[in-house]
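Bear in mind that the values in this text are calculations on the coordinates, not laboratory data. Computed from a prediction, not measured in an experiment: that's the story for all the values here. Cβ atoms come from the backbone with ideal geometry, glycine included; neighbour counts cover every protein chain shown.
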Amino acid sequence: ARLANQIAAGEVVERPASVVKELVENSLDSGANRIQIDIERGGHKLIRIRDNGSGIDQHELVLALSRHATSKLKTLDDLECIASLGFRGEALASISSVSRLTLSSKPAAQETAWQAFAEGRDMAVQVQPTAHPDGTTVEVKDLFFNTPARRKFLRTEKTEFAHIEELVKRIALSRFDVAITLTHNGKVVRQFRPSLDGSNDVQRVAQVAGKAFLTEACHLQAGNEGLSLHGWLMPVGTSGTTQYTYVNGRMMRDKLILHAIRQAFEEVVGSIELPSFVLFVELDPRQVDVNVHPAKHEVRFHQARLVHDFIVQALKPAISSEVS
Ligand code: ADP
Ligand code: MG
C-alpha cells in the first residue's frame, strides 16, 4: 500500500510547493483562520504548517495518513457540490511516503494532543501524546529522502522557495479572512493580516501584486448571484506579472477564462500585452466541475460559452474606462 502511495505521490507531490499547497488546503478545509507556514532550505529540509482549525481526533490520526481516507466526502451528492478543497484522501498518505512526516493535533474538545509519525514507505505509524494547542501541525522533513530520482529534480533552495512564495500569494488572495504567515530559514517573508469586512481586501491585493494596485487598479464588479465577476485590473499598457484568476474561491489557470480575458482586451484595445489582474468568477457550484485535473488548475464549466461571453462582456467596460 505504501508503494501505491509513492506512485500516487508522483502526481500530488511534484516539489515542495505542491506539499505546501496540499497542507494549506487541508488547513483551510479544517476551518482554520490562522495559518503559519515555516520553510527551511526551500522546503528540502523542512515544511511545517500550523493551523488553528478543527484538529484531528486521536483515533483518526493514523487513518488520516492512510490512502483514500478522507473525512470530506460523505455522500455521492457531495461530489456534485464539493466545497472543500481536498476530497481524494491522498495528500497526507502520498507526502508521508516520500518524507518524514509528523502530524500533531488537538481538537478543542480533546484533553490532550496526539502526534503521529510516519517515515517513507515504512508501514508503522507511531502515535504518542504531545503538547499542542487547538489545531494541527504537519511537519514534513527531508522531502524525497527515499526517492533519489525525484530528489535530483529539486531545484535550488532559492527556486523552490520562489515557487512556495508564489503559491502562498495566490492562496492569500483566495481567503482574505485568513491570517497567513510565511517564513523562510527563520525570517518572516510574507505576513497577511485578515481582512474581515472586505475593507482591507485591496491592501492584501497590493501586498501580493504591488503597491500600484492601491492607486492605479480599476475595481470591477459585474453580474449577479448566479454568475458574477469581480476584482481588480491594472491599466492597459503596464505589462503584468500578477495574473490571478479564481473560480468560486479556488485559484485557477483556466484556459477558457484566460481566453475570455484576452479577447476582452483585444476587442477594446487591439492586440496587446495583458496587464496585471486579480479576478474572481463566482457561479453556482453545480455549474462547474472543479476537479478535472489532479493539480486542480482547470475547471469544466457546464455552460462554457455562456461563462466565456459573460467574462468578455463584464470586462470590456472596465477596460475601456481605463483606455479613455
Ligand atoms: P483530503 O484532504 O483529500 O481529505 P488528505 O490526505 O489531504 O485528504 O487528508 C486526510 C484527512 O486528514 C482529511 O480528510 C482530514 O480529515 C484530515 N486532515 C488533514 N489535515 C488536517 C488539518 N490541518 N486539520 C484537520 N484535519 C486534517
Ligand atoms: Mg487534502
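A few points about this structure:
- Using the rule -39500 (n - 2.57) for each DSSP H run of four or more residues, divided by the residues of the chain, the 222 nm mean residue ellipticity is -10000 deg cm²/dmol.
- Fewest-first ranking of 22, 111, using other Cβ atoms within 10 Å as the exposure measure: 111, 22
- For the range 263-271, Karplus couplings with θ = phi - 60° (6.51, -1.76, 1.60), whole Hz, Gly/Pro x: 4, 4, 4, 5, 5, 8, 10, x, 5
- Rounded to the nearest 20 debye, the dipole magnitude of the chain is 1020 debye, with +1 charges on Lys and Arg beta carbons, -1 on Asp and Glu beta carbons, and the Cα centre as origin.
- Cβ crowding within 10 Å averaged over residues, with 163-172, 55-64 ranked highest first: 163-172, 55-64
- DSSP bridge orientation in the chain - percent antiparallel, rounded to nearest 5: 85
- For the range 305-321, backbone phi angles converted through the Karplus equation (6.51, -1.76, 1.60; θ = phi - 60°) give residue-by-residue couplings of 4, 4, 5, 4, 5, 4, 4, 4, 5, 6, 7, 4, x, 5, 5, 6, 5 Hz, Gly and Pro being listed as x.
- Computed from label points 7 Å out along Cα-Cβ, the spacing between residue 306 and residue 253 is 2.9 nm.
- Listing 54, 104 from fewest to most neighbouring C-beta atoms within 10 Å gives 54, 104.
- For the cross-link pairs 45/106; 141/187; 21/45, the ones whose C-alpha atoms lie over 23 Å apart are 45/106.
- Against the main long axis of the alpha-carbon atoms of the chain, helix 2-12 sits at an angle near 20°.
- Sum of side-chain charges, residue 110 neighbourhood, beta-carbon under 10 Å (Lys, Arg +1; Asp, Glu -1): -2
- The chain: radius of gyration over Cα atoms, expressed as a fraction of 2.2 N^0.38 Å: 1.04
- On Cα atoms only, tilt of 16-29 relative to the major axis of the chain in degrees: 90
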